[in-house]
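The structure appears below as structure tokens.
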Amino acid sequence: MDPTAAADSTTSPRPRDSGNSTIPPMAPCSRAPLACLACRSRHLKCDGSKPRCSRCSESARQCQYAKSRRGGLDRAYLAHRRRRLAATVEGHVTPPQDTAGAHLEHVSEAATRCTVTPGPAGNNSTTTSSISDSPSSSPGAFNLLGGVQESIDKDPLIEVYYRTFHKFHPMVVPLRALARLCRDPLRQASLKPLLAVMRLIGTLYTAKHWPAQANQAIETCLAQAPLRDPFVVQCQLLYSVALFWYNDRIGAAKHKAAAHQTALDLGMHEREFAAHNAHGDAVLAESWRRTWWCNYIFEAYYLGTLGTLEFAVLQTEASVHLPCSEDEYESGEIPDPRTLDDYENREFQHDDDDDALPFSSFAHLIGAVKCAASAVALVPKLLSGEASAQILQAADATLDGWLLLLPDAPNAIVSSKGEIDELMHQAFLLVNVCAIGLHRPLSDLKFNQVEGVSSCAREPPREILTPDLVKVHTLRVLRAVQIQIRILALPFRPFHHTPFTTCMVSEGTLALLSACKWQLQGQELRVARDQIRMTIGCLKALGAVWPRTANNVKEIQTISQHVLGLRGVNSSQGNKTPESNKVPSLAGGNSSRTSISSKEEQSSGVGGWDLMASLGEIDLCGFVSIGEQTVNAGDLDAGLSWWINEPPW
């Protein structure tokens with residue numbers, strides 16, 4: 001039957017005959033035939049018999065009908081429900097926890113009618129909302145609470161999520177498995193908030209703005225979901241990413257902390273959890289393992305980007321198995337999982353051992369995070385000449401050990417299908433930005449004060465240091481930068497990766513800017529300038545989706561103008577002295593893209609190091625420097641001839 005005709009037949013009201021009306025009676029409207037869920041999902045004609053239709057009876061299938069949403073509630077009860085929902089959104093009422101998902105349909109209808117009045121720029125508080133009987137006044141608003149439906153694999157926003165974002169952090173079950181789970185009535189209450197966040201991320205990639213009703217809709221969904229549920233952990237992890245890269249650090253930290261605590265309460269870090277809570281579903285068990293490891297990786301990424309979040313996951317003893325490969329996950333053919341002990345002893349595995357399965361890209365990313373965290377932990381809080389040898393001997397051994405044990409390292413980032421392996425892409429960038437952060441403070445790549453405007457940097461040490469082996473440290477930084485550049489230059493466009501690569505790329509760019517100022521000349525300088533153009537272009541591609549990255553691009557552009565002594569690039573800065581020690585403010589350069597909050601950008605470096613005051617002492621992606629001291633490192637230029645021609649692997 002034509003869906004349009006069906007919709008018309010069910011939504012067009014017939015006039016009532018009052019007995020003396022002169023209005024001619026309308027032709028009878030045909031109603032859409034009743035069909036069970038099994039027949040609807042297979043697009044088969046159903047006779048609508050109850051309790052079981054003829055098709056389900058013949059094939060011995062379970063026969064269920066969708067519960068009707070017509071009638072059943074009077075106006076008084078509907079008004080009461082709206083008042084309770086409004087109080088729930090504002091945080092005044094904790095709604096009762098229901099085990100069934102049927103009541104969420106009414107919550108969905110009410111939540112999607114939230115008309116949100118956006119607050120002023122920089123306001124991080126939840127905006128005032130009003131619940132009314134009229135639809136949302138926001139034109140083209142997406143229904144984030146579209147429901148847990150049988151045809152979830154045909155939901156356009158869910159499809160966008162899987163096409164654009166899922167491969168960056170693949171913890172949610174593959175689309176086919178998700179569609180199967182959505183048909184289970186017992187799981188619908190748990191899946192509803194996760195689906196809402198997935199639709200939100202799909203909206204961010206398609207509409208390029210934050211939907212007005214998103215916060216209230218998702219918070220309402222979370223309030224109605226079971227308190228301790230692994231699907232809710234996935235929801236809050238993904239939601240924290242979206243909030244963070246839309247400049248809501250407070251909201252991101254809240255949901256990330258809630259996800260971590262719920263994961264610990266559930267025991268997701270324990271080996272037995274996945275199997276015991278998957279009920280024989282191997283794909284779901286794999287998803288639970290991936291959820292814990294995404295929790296682990298996200299915390300490292302937040303620490304590396306901000307330097308303010310405590311790395312609580314690192315101190316958690318986790319026995320959960322490692323994830324399988326992406327092809328195995330998508331196909332549903334999940335092998336026996338490898339353990340973390342297997343990975344940490346991989347150097348003793350024979351190369352010709354046919355029984356040993358290779359480690360997945362996800363496992364290598366987990367290993368990269370562990371190596372980076374271990375290397376940073378080796379750095380003393382106060383750098384000195386002794387720290388130079390310690391970093392070279394201990395931290396470099398940790399990072400190089402990860403790199404050298406990769407199978408076929410030059411081709412590890414490109415998959416067998418000729419596509420970018422997103423997880424290996426992140427791992428390589430992370431390991432190399434860690435090397436940059438460790439070595440630059442001891443190198444001759446001096447730190448310009450204007451770098452303080454960057455949200456990806458942190459305050460350099462106050463003391464003037466005299467490190468040993470300056471030339472070695474400088475070459476090590478430049479080599480790590482060159483590896484990053486070659487990764488970014490892979491012939492895959494547009495530049496489309498996780499937003500967490502922002503600070504990884506930015507820190508390499510800041511080090512390269514210092515090299516352009518103090519070290520490189522001639523052809524090497526021209527090549528480096530082209531590489532800076534490329535990295536800024538890559539970041540601009542990410543900034544088209546994520547406002548925090550767009551802000552970071554402006555920071556790098558401002559830093560570049562001052563470090564390189566460029567005059568007249570912007571009319572607003574045309575009269576400023578290039579070598580001025582005053583750190584410029586970016587407060588006036590508001591992004592044209594909608595942001596949830598920009599409080600963190602309000603003190604963007606005015607008056608020295610105000611922007612960096614909240615950053616921690618150790619930052620996976622952050623770095624410090626030796627200030628404006630000039631160290632006689634000998635003829636350093638002679639050691640940079642590899643810059644253009646030598647492979648970095």
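Please treat every number below as a calculation from the coordinates, not as lab data. For clarity, every value in this text was computed on a predicted model and none was experimentally measured. Neighbour counts are summed over all protein chains in view; Cβ atoms, including those assigned to glycine, are modelled from backbone coordinates with ideal geometry.
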Of the listed links K471/K554; K256/K370; K517/K540, those spanning more than 28 angstrom between alpha carbons are K471/K554
The long-range amide H neighbours of V414, using H built 1.01 Å from N in the peptide plane and a cut-off of under 5 Å, are D421
For region 320-329, in residue order, the Karplus 3J(HN,Hα) values (coefficients 6.51, -1.76, 1.60; θ = phi - 60°; whole Hz; Gly and Pro = x) are 5, 5, 7, x, 8, 6, 5, 5, 5, 5
Checking rank on 481-494, 521-534, with mean other Cβ inside 10 Å and highest first, the result is 481-494, 521-534
Simple spin-label estimate for L357/A377, 7 Å along Cα→Cβ, in nm, reads 2.8 nm
